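Read the structure below first, then the notes.
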Amino acid sequence: MSNASVPLRLLVIGAHPDDAEYRAGGLAALYRKHGHAVKFVSVTNGEAGHHQTTGPTLVARRRAESRAATEPLGIEVEVWDNPDGRLVVDLDRREEMIRAIRNYKPDLVLTHRPNDYHPDHRAVSMIVQDSAYLLTVPAVCPDVPFLRRDPVIAYLSDDFQKPYPLDPTVLVDISSVWDAKISLLDAHASQFYEWLPANMDRFSEVPETRGGRRQWLDHKMQDSSRRLANRFRSRLFEMYGDSWGGGIELVEAFEGCEYGARLDPANIARLFPFLPG
Ligand SMILES: [Zn+2]
């Protein structure tokens, strides 16, 4: 458990039921390990994320996967009813977001960056950014108490280069919770063992046994994490020193957003208390 007297509150807002796990599952597991609170929100219902099943059957399956993923770690989860693949930025979605963030009272909000291949990811990013300032404005959504102070808002990592590549403010060594992250992803079988490999024409690579496919996923995730660590190795040296920073391979990266409270050195120390001081 953490030494902090008041537990921190982390809210990860993704477009789809597996996005939070994929980009922030390690940080979420670290938060829980240190006694802090975590909630995952999927803004869409995930009904488009399969090549064989769609609609209510898939929504029910993905909600069950989200619960199975998060329950062992004590992470709260919500999968909203907005249609997958058809999310648009509008006033109703903005007010839904303002109410949700106010009700949870997070210290740290994580979401997608605004430029991304998936229109739902872009929409969620815009909806969160559009909500940021209004969280503190009493006249907006007066049915839910406004926040006195904005939470820190930061972006999840991606590989997109335009208009500018990811510029991480914080890199988190997640090696101590790696198995927990893989368990979070392993629970989303419809995605990591079915839809995503099928969509990438790599379905034949997926092993048939439960243990085999988890190991296959683990290796793939280690490869992509190593690429992320090596891409930002100089930043890892800055943050962790030469010895620790040189050896980190399992990592997640987060970039401070200009809206909301800033991810400045004081907030980094407060929100990431497991980083070297
Ligand atoms: Zn997604």
(message) As I understand it, the dipole of the chain uses +1 on the Cβ of Lys and Arg and -1 on the Cβ of Asp and Glu, about the Cα centre. Which of VAL251, PRO114, VAL206 lies farthest toward its positive end?
(response) VAL251
(request) For each pair in LYS33/LYS181; LYS105/LYS181; LYS181/LYS220, compute the distance between the two Cα atoms and list the pairs where it is over 18 Å. (result) LYS105/LYS181
(message) Could you compute the longest span of the chain free of GluC sites (Glu not before Pro) located in DSSP loops and having at most 10 other Cβ atoms within 10 Å, not counting the site residues?
(response) 1-207
(request) Classify region 26-178 as rounded, prolate or oblate, taking a ≥ b ≥ c as the square roots of the eigenvalues of its Cα gyration tensor: rounded when a/c is under 1.5, otherwise prolate if a/b is larger than b/c and oblate if not. (result) rounded
(request) Can you tell me how much longer the chain between VAL6 and ARG99 gets when fully stretched, taken as 0.36 nm per residue apart minus their C-alpha distance, in nm with one decimal? (result) 31.2 nm
(request) Search the structure for amide H atoms under 5 Å from the amide H of ASN82, placed 1.01 Å from N in the peptide plane, and list their residues when 5 or more places away or on another chain. (result) ASN45
(request) Please arrange LYS162, LYS105 by counting, for each residue, the other beta carbons lying within 10 Å of its beta carbon, fewest first. (result) LYS162, LYS105
(request) Name the residues whose placed amide hydrogens come within less than 5 Å of the amide hydrogen of ILE153, ignoring near sequence neighbours (fewer than 5 apart) on the same chain. (result) VAL109, CYS257, ALA261
(request) Provide Rg over Rh for region 190-276; use the alpha carbon set for both Rg and the Kirkwood Rh (inverse mean inverse pair distance). (result) 1.11
(request) Please report the orientation-averaged projected area of region 1-109, defined via the convex hull of its C-alpha atoms, in nm². (result) 7.1
(request) Set Lys and Arg Cβ to +1 and Asp and Glu Cβ to -1, take the dipole of region 27-150 about its Cα centre, and tell me which of PRO56, VAL43, LEU91 lies farthest positive. (result) VAL43
(message) Multiplying the sequence separation of SER243 and GLU205 by 0.36 nm and subtracting their Cα-Cα distance, what value in nm do you get?
(response) 10.0 nm
(request) Would you work out which of GLY277, TYR240, ASN267 lies farthest towards the positive end of the dipole of region 143-277, given +1 charges on the beta-carbon of Lys and Arg and -1 on that of Asp and Glu, about the Cα centre? (result) GLY277
(message) Based only on other Cβ atoms within 10 Å, what is the fewest-to-most ordering of THR53, THR111, THR44?
(response) THR53, THR44, THR111
(request) With no solvent and one equal point scatterer per Cα, compute the Debye intensity ratio I(q)/I(0) for the chain at 0.10 Å⁻¹ and report its log10, rounded to two decimals. (result) -0.50
(request) Return the calculated 222 nm mean residue ellipticity for the chain, to the nearest 500 deg cm²/dmol, obtained by summing -39500 (n - 2.57) across DSSP H runs with n ≥ 4 and dividing by the residue count. (result) -13000 deg cm²/dmol
(request) Note the direction-averaged projected area, equal to a quarter of the hull surface, for the Cα convex hull of region 130-277, in nm². (result) 11.9
(request) Quote the charge dipole size of region 17-68 about the Cα centre in Debye, to the nearest 20; the model charges only the Cβ of Lys and Arg (+1) and of Asp and Glu (-1). (result) 240
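The numbers here are math on the coordinates, done by the rules we state, and not lab data. These numbers were taken from a predicted model, which means no experiment stands behind them. We place every Cβ from the backbone using ideal geometry, glycine too, and count neighbours over all the protein chains shown.
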